[in-house]
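Quick note: the coordinates plus some simple rules give every number you see, no bench work behind them. Predicted, not measured: the structure shown is a model, and the values here were computed from it. As a convention, Cβ positions derive from the backbone with ideal geometry for all residues, glycine included, and neighbour counts pool all protein chains shown.
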Amino acid sequence: MSRVTKIEQPLRRRIGKLVIEITAQGIRMRGYRCRKWHAVTWLQIAALDNADNPQDTVGAASDRQIGLRRLREMRAVPTERSL
C-alpha cells in the first residue's frame, strides 16, 4: 500500500541548465547561475490535469507559449539565436 510522503527538507537538483527545488508548498525553479526563482504551487500543478480536455486547446497552447517563454528567460531552453 502506498503512503503519502511528507517533505521535511527541500529537495534541490540541477537538470541541465535548470535548478529545480521540490518543497512542501510546491516546486520552485530557476536557471543555472540565475537568481530569480519561479514558483508553482501543488494546486496549480493539480489544475494541469484539465489540460487533456480537447475543448481547452487554445488555453493549453497559450500556457505552453508562456511556459516556453519563462524557460527561455531562465536560460533553460535554447533560443533561436543560440542555435
Tally Lys and Arg at +1 and Asp and Glu at -1 over the other residues with C-beta under 12 Å from the C-beta of Thr23: what net charge comes out? +1
Ile66 versus Gln9: modelled label distance in nm, points set 7 Å from Cα along the beta carbon direction: 3.5
Using the Karplus curve 6.51 cos²θ - 1.76 cosθ + 1.60 with θ = phi - 60°, what ³J(HN,Hα) values do you get for each residue of the stretch 30-43, in whole Hz, with x for Gly and Pro? 8, x, 4, 6, 10, 9, 7, 8, 10, 10, 10, 7, 5, 5
